[in-house]
Amino acid sequence: MTENLTTLLNFLPQLWEGVRVTIILTVVGSLGAVIIALALGLAMTSTHAWLRVPARIIVEFFRGTSLLVQLFWLFYVFPLLGVELDPMICGIGALALNYGAYSAEVVRSSITTVDKGQWEAAIALSLSPSRRMIRVIFPQAWALMIPSLATLLIQLLKGTAVVSFITLQDLTDKITQLRQSTNDTYFAFTVGLIIYFVIAWLIQEFMNFLERRATAALGRRRPNSRTDRREARRLARADAVRKDRSTSRAAADDGGGDGLGTGPESGPASGQGGRL
Amino acid sequence: MPLTEKTPATPATAGTPAIEFKDVEKSFGPTTVLKDLNFTVAPGERVTLIGPSGSGKTTILRLVMTLEDLTDGYIFVDGEPLTFEERDGKRVEMPKKRTREMTTRIGMVFQQFNLFPNMTVLENIIEAPVHVLGKSKAEASTEAKELLERVGLSEKADAHPTRLSGGQQQRVAIARALAMSPEILLLDEVTSALDPELVGDVLGVLRDIAETTDITMLLVTHEMQFARDVSHRVMMFDGGQVLEEGPPDQIFNNPSHERTKSFLSSVL
Ligand SMILES: Nc1ncnc2c1ncn2[C@@H]1O[C@H](COP(=O)(O)OP(=O)(O)OP(=O)(O)O)[C@@H](O)[C@H]1O
Ligand SMILES: [Mg+2]
């Protein structure tokens with residue numbers, strides 16, 4: 001075990017190189033995926049068939065073909081057509097397109113889930129179509145789509161492992177090297193699991209933060225507004241009273257009994273799944 | 001419930017109508033809801049639509065607000081075509097932008113309030129005045145606060161709609177519609193979703209608007225006393241047609257159709 005740790009220690013700079021590649025692929029790939037998802041998702045909700053139909057076809061195409069084949073296409077077929085792409089660009093491109101297509105469906109269904117009455121109120125106020133979307137519909141859809149997007153972005157992180165097929169030395173690639181130099185399969189892959197888990201956990205935390213912000217903006221909780229601080233004080237007092245009582249009874253606080261106190265915790269389920 | 005006599009004087013009916021339905025037809029798929037519907041509403045007139053469920057009252061208001069597509073016929077606002085116009089004997093759709101300009105003259109309050117939950121009360125009210133009418137934020141906010149005062153909610157400017165009671169939300173929705181200074185206000189069963197004890201406040205606000213402004217109102221309500229007090233005219237709908245119409249006194253006390261009688265006895 002100490003030998004393994006020494007090897008790991010010596011290997012750290014290289015391992016970090018791999019982590020860096022994986023993180024770049026994940027972060028830039030995610031950004032690309034979200035941008036593609038927004039563009040295609042919005043297009044799929046359009047009333048114009050010339051926007052909706054092509055978007056739907058693109059989405060189905062990239063959802064229906066494997067990430068690996070898309071990657072090979074960018075890496076091996078594009079050069080045949082005279083376009084040489086950096087492997088990193090290929091990796092990011094394939095991840096963004098593939099997960100962007102999946103996420104586009106999330107964007108579309110979140111937008112259609114927003115109450116029809118919100119559209120109608122926006123029309124009744126004569127808001128232009130773009131303002132309707134930007135100011136009224138999208139902020140509400142955004143809160144709905146974050147949990148499902150979080151799941152997809154974590155899948156994207158896991159999907160980055162395929163880039164080792166196109167010469168990129170990512171985390172998975174480095175873990176394989178570690179295994180060879182330690183000759184300890186168990187050790188190397190456990191290190192791999194832990195690092196992937198930590199990155200996934202960071203993504204989840206970040207998405208939870210975005211979700212809290214988005215639901216707060218929907219008035220479930222708005223940090224720093226005067227009414228909210230008053231509300232918070234009131235809830236804190238009520239809580240203190242409840243705690244006093246429950247300590248004597250040692251009963252678990254099931255919460256949520258307060259009509260107004262719909263905190264972010266009791267809002268739409270954070271984390272996996274969502275309500276799509 | 002005895003109805004007191006308090007019919008307001010009807011505005012002059014001469015001149016260009018505020019709203020005109022001309023040969024309007026509306027179908028949802030194979031079901032025709034309105035057919036060959038013709039009527040006008042004079043500027044400043046307050047008209048209540050009554051009629052059995054499914055008779056098309058909501059559909060009429062939604063057509064005026066351009067929330068539904070017109071199957072056939074024309075709707076004019078201040079004599080100008082709203083969604084379709086006749087050009088060289090052909091019925092052509094108006095440009096969307098023009099229709100949207102026309103709708104700035106029309107406000108609507110919904111049964112379910114439909115406030116924007118991602119904005120504060122004040123932001124809800126100033127959104128359209130700032131971004132549609134091009135008012136400055138400062139000007140729009142000042143006016144919004146006056147409107148909130150008027151609906152009795154000046155304390156709630158910075159609150160979020162989700163924190164308000166139904167009655168308060170509906171009064172904000174009324175303020176939001178008024179902030180656009182509409183010539184026409186459409187009210188579709190605006191108290192139906194409210195607890196009974198909250199209805200009074202909302203009707204009070206509407207009475208105040210009816211008494212102090214000359215906004216044309218087209219309303220659907222089950223509050224017959226209210227309808228009687230504020231409206232100049234009552235239109236009884238049945239099967240997508242105006243069955244009979246007249247001043248509230250006449251319709252409520254002395255309806256000429258059997259169907260109006262049985263409808264009224266079912267709601268009064
Ligand atoms: N979107 C729609 N699709 C199909 N049918 C519809 C739609 N909207 C309304 N209808 C039908 O049109 C008819 C008129 O509906 P509308 O809502 O205008 O009636 P109403 O007079 O407002 O009734 P109520 O008193 O119940 O509100 C009904 O038969 C209804 O089923
Ligand atoms: Mg109705």
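Points worth noting:
- For B:K135, a cut-off of 15 angstrom between C-alpha atoms picks up these aspartates and glutamates, skipping any fewer than 8 places away in its own chain: B:E123, B:E127, B:E143.
- 3J(HN,Hα) along the stretch B:233-245, derived from phi through the Karplus expression 6.51 cos²θ - 1.76 cosθ + 1.60 where θ = phi - 60°, amounts to 8, 10, 10, 9, 9, 7, x, x, 10, 6, 6, 7, 8 Hz, with x in place of Gly and Pro.
- Solvent-accessible area buried by A and B, counting both chains, probe 1.4 angstrom, square angstrom: 2500 Å²
- Ordering of B:251-264, B:138-151 by packing [mean C-beta count within 10 Å, highest first]: B:138-151, B:251-264
- Along its principal axes, the protein assembly as shown has C-alpha extents of 101, 75, 45 angstrom, given from the largest down.
- Förster radius 41 Å - calculated FRET efficiency between A:L193 and A:F72 (Cβ-Cβ, nearest 0.05): 0.95
- For the stretch B:190-256, the Kirkwood radius over C-alpha pairs fed into Stokes-Einstein at 25 °C and 0.890 mPa s yields D = 187 µm² per second.
- A loss of 50 Å² or more of accessible area (1.4 Å probe, protein heavy atoms, ligands and nucleic acids excluded) relative to the isolated chain is seen in these residues of the stretch B:150-188: B:H160, B:R163.
- Antiparallel bridges, percent of DSSP beta bridges restricted to the protein assembly as shown (to nearest 5): 60 percent
- Cα convex hull of the stretch A:1-51 - mean projected area over all directions, nm²: 5.0 nm²
- Per residue of B:121-130, other chain Cβ atoms within 10 Å of the residue Cβ number 2 on average.
- Taking amide H as placed 1.01 Å from N in the peptide plane, B:E244 has its amide H under 5 Å from the amide H of B:M236, each at least 5 places away in sequence or on another chain.
- Amide H contacts of B:L185 (H built 1.01 Å from N, in plane; Pro and chain starts excluded): B:G107, B:T216, B:M217, B:L218 sit under 5 Å, all sequence-distant by 5 or more or on other chains.
- In order along the stretch A:42-50, phi translates into HN-Hα couplings of 5, 4, 5, 8, 5, 7, 7, 4, 5 Hz, rounded to whole numbers, per the Karplus curve 6.51 cos²θ - 1.76 cosθ + 1.60 with θ = phi - 60° and x for Gly and Pro.
- Proximity of backbone amide H atoms, modeled 1.01 Å from N, is registered between B:F84 and B:I75, B:M94 at under 5 Å, excluding neighbours fewer than 5 places apart on the same chain.
- Split the accessible area of the stretch B:128-268 by element, probe 1.4 Å, and carbon with sulfur accounts for 45%.
- For the stretch B:22-71, projected area of the alpha-carbon convex hull averaged over all directions, nm²: 3.8 nm²
- Across all C-alpha atoms in the stretch B:106-181, the radius of gyration and Dmax reach 11.0, 31 Å.
- Averaged over its residues, the protein assembly as shown has an accessible area of 48 Å² per residue, based on protein heavy atoms and a 1.4 Å probe.
- Using the average count of surrounding beta-carbon atoms within 10 Å as a protection proxy, the listed peptides B:80-89, A:28-37 rank, highest first, as A:28-37, B:80-89.
- Applying the Karplus relation 6.51 cos²θ - 1.76 cosθ + 1.60 with θ = phi - 60° to the stretch A:138-149 yields 3J(HN,Hα) values of 4, x, 7, 5, 4, 4, 6, 8, 4, x, 5, 5 Hz, where x marks Gly and Pro.
- Distance from the Cα centroid of the stretch B:57-95 to that of the stretch A:1-77 is 48 Å (rounded to whole angstrom).
- At 1.306 mPa s and 10 °C, Stokes diffusion of the stretch A:2-223 via Kirkwood alpha-carbon radius, µm² per second: 82 µm²/s
- Listed residues A:F197, B:F226, B:F28 arranged by accessible area, highest first, probe 1.4 Å: A:F197, B:F28, B:F226
The values are calculated or read from the model by the stated rules, or taken from the named source; none is laboratory data. What you are looking at is a predicted structure, and each value in this text was computed from that prediction instead of being measured. Virtual Cβ from ideal backbone geometry, glycine too; neighbours counted across all protein chains shown. The accessibility values were calculated without ligands, DNA or RNA, using every heavy atom of the protein model including side chains. Shrake-Rupley method; radii C 1.70, N 1.55, O 1.52, S 1.80 Å.
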